[in-house]
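Please treat every number below as a calculation from the coordinates, not as lab data. Here the structure is a predicted model, which is why all the values come from computation and not from measurement. With ideal geometry, Cβ positions are generated from the backbone for all residues, glycine too; neighbour counts draw on all protein chains shown.
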Amino acid sequence: MSTIDSALKTEIVKAFQQLFDFELSVDSFSLQPTRKEFEGTHTLVVFPYLKQTRKSPEESGKMIGEYLKESSDLVADYNVVKGFLNLSVAESAWIGVLNEIAQNENFGDFPARGQKVMVEFSSPNTNKPLHLGHLRNNFLGDAVSRILEANGFEVMKVNLVNDRGIHICKSMLAYQLFGAGETPESSGVKGDHLIGKYYVRFDQEYKREIEGLVHQGMEAEEAKKQAPLMLQAQEMLKKWEDGDEEVVALWKKMNGWVFDGFDASYQTMGIDFDKIYYESDTYLLGKDIIEEGLGSEVFFKKEDGSVWVDLTKEKLDEKLVLRGDGTSVYITQDMGTCDLKHQDFPFEKSVYVVGNEQDYHFKVLFSIMKKLGRDYADGLYHLSYGMVDLPSGKMKSREGTVVDADDLMQEMFDTAEKQTRELGKIEGLTEDEAQELYRTLGLGALKYFLLKVDPKKRMLFNPQESIEFQGNTGPFIQYTHARISAILRRAKGLDVSTKFDPAKITSLLPKELELIHKLTEYTKTVDLAAEEYSPALIAQYVYELAKTYNGFYQDVPIFNEDNKEAVKFRVALSQSVARLIRKSMLLLGIHVPERM
RNA sequence: GGUUCCAUAGCUCAACUGGAUAGAGCAACUGCCUUCUAAGCAGUAGGUUCCAGGUUCGAGUCCUGGUGGAAUCACCA
């Protein structure tokens, strides 16, 4: 909340005391932004308080407005439309606020709150390269981490890599059978893409075998189980679990290729982690928790020896937590990993950035941890995000209808280069600077596109037209920053200081006021974005900020102005906007250029 | 079939958690570069917020019932 917001609310509370002898609690109400067609910036809706005021809506509004205007320097004027009390804040207050923002490099930074939060995201399988869906996951996880950090949390970013299991064996088997010793070096193919090729190859050959068996008269379901390739893959998984030297060596070699490929992708994306967990290390965890849960009667054993948890009271059914043969299922190791994570980093909150197809799984997991009495269980949070659809429908990696992450990023860079050249904006840039600019713009466009949508919602990606450089886009905001940078360079050249004297600024233009108002909303936006785990709120805010600035830029001359104090004031205003654009964009993991 | 989520302009998305005449971008059309970067600005047009009820001063938002779509309900991960 901005200082003006809270100061206004304090005054309103006083008004209710004085006028109606009513104790209004500061947290019980909020001020709405005044609609453009009315005078003012803040609006109090008086309908809810008519019982206390015992007056008509209009009269109540007038009484409160009049009181505020008389008793507070903050409120310059008011008007009442129906039950809406619109307040105009004094220009001197806005000017004072801008002065604070402009002089304080750290405006909007939150103090450390001494709380730890772990954010798990990315979590790829090592059998195929990253695709568009992973990009949404990675950008979300990265941005949420930055937002939480900005809110004063100590953040630990972790990646839980799924590097074992039957699907990995499928790639390994296909490689063994058809790979002919191919390597990333020999083929010139990036490691993760090379492995992905064999994962697809497995599926093709496997389907062929099934067809053959069905042709011979076998039931389809049975054929899926009996296909030699599937049996071989299962055999390989057993060998892996038994530590068979040859299989483990192959696994290590192929995983190494994938990790090299992932590292390159992460670097291009500008994403990193504080800690990486591997499922090959954690997949046996959780069995001791089974014992513990049986002891405390949270779990129960069926006749065949399998272990279950009864979550019917939570409307989640009965759920298996250990197989009859004593081997783990997915949730077994997730329980164990949950404890491990808390042991490694005693968090207050732990966020799982995982698609909404796993909503049920996380409800179950969190319920179990609560039943087991984990004191951190209330801090577990599933950041459930929607899938990214293509115009053709859902992406399916096995059917090759995926948008590859590396390809897409490269396309973005190419498009950025093409646009930049067409606009003739590379003059004065060295080749290196130009290349860096293309990456900044291309990645900015992509990240912004994926982050501006509410994470919870499913979204559509149309490769033909989705990524624009005009309108509500990353480059639009980056452009605004570059524009302001040019202003600031010029100010420096002209030796114009950004230290203005608030007392000498006697009036504000509407565009100036609107812009300062936007600046003050930064803090509450960052706060809300953390609370909601929603980078989309930041994206929307920074878009509005940039748009508002462009309106100001169009209408108000900065250097072509006789009043020297006004020049300083406008430069300071521009500088503050640039700074908050940069900060906001950085919360999304997007860099902004000095020129473009 | 059970459970959960979704449905807003031609398209992609907003709507500050129940507030005023539902807003942006893209696409279409019209203006604005001899002045700080036109990747910009200003304007026109575009809506039965899926349908039907209900709750109240007030509903895109909450409740009920439909319709349409998605996910999930594995001794898969």
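Observations on the model:
- The slack in the chain from A:Glu154 to A:Glu565, taken as 0.36 nm per residue of separation less the alpha-carbon distance, amounts to 143.8 nm.
- Under the simplified labelling scheme, the A:Glu531-A:Glu59 pair shows an inter-label distance of 3.5 nm, with each label point 7 Å from Cα along Cα→Cβ.
- Remark: the stretch A:3-89 is approximated by an ellipsoid whose semi-axes, taken from the C-alpha gyration tensor as √(5λ), come to 17, 15, 12 Å, largest first.
- Overall dimensions of the stretch A:107-204 by Cα: Rg and Dmax, Å: 18.8, 61
- Taken over chain A, the alpha-carbon convex hull comes to 206 cubic angstrom per residue.
- Note on the stretch A:405-587: Rg/Rh from Cα positions, Kirkwood definition for Rh, rounded to two decimals, is 1.01.
- The stretch A:19-66 and the stretch A:434-450 have Cα centres spaced 45 Å apart.
- Part-to-part distance (alpha-carbon centres) for the stretch A:170-189 and the stretch A:210-285, which is given in Å: 14 Å
- The stretch A:402-448: radius of gyration and largest Cα-Cα distance (Dmax), Å: 11.0, 39
- Taken along its three principal axes, the alpha carbon spread of the stretch A:478-555 comes to 43, 28, 22 Å, from the longest extent down to the shortest.
- The Cα-based radius of gyration and maximum Cα-Cα distance (Dmax) for the stretch A:310-434 are 22.8, 70 Å.
- Since only A:Ser88, A:Val161, A:Ser122 are under comparison, the one whose Cα sits farthest along the positive direction of the charge dipole of chain A, derived from C-beta charges on Lys, Arg, Asp and Glu, is A:Ser88.
- Computed extension gain for A:Gln267 through A:Lys313, at 0.36 nm per residue and net of the alpha carbon distance, reaches 12.0 nm.
- A:Asp27/A:Phe47 FRET efficiency (R0 22 Å; Cβ-Cβ; nearest 0.05): 0.70
- Value at 222 nm in deg cm²/dmol, rounded to 500, when DSSP H runs of n ≥ 4 in chain A each add -39,500 (n - 2.57): -17500 deg cm²/dmol
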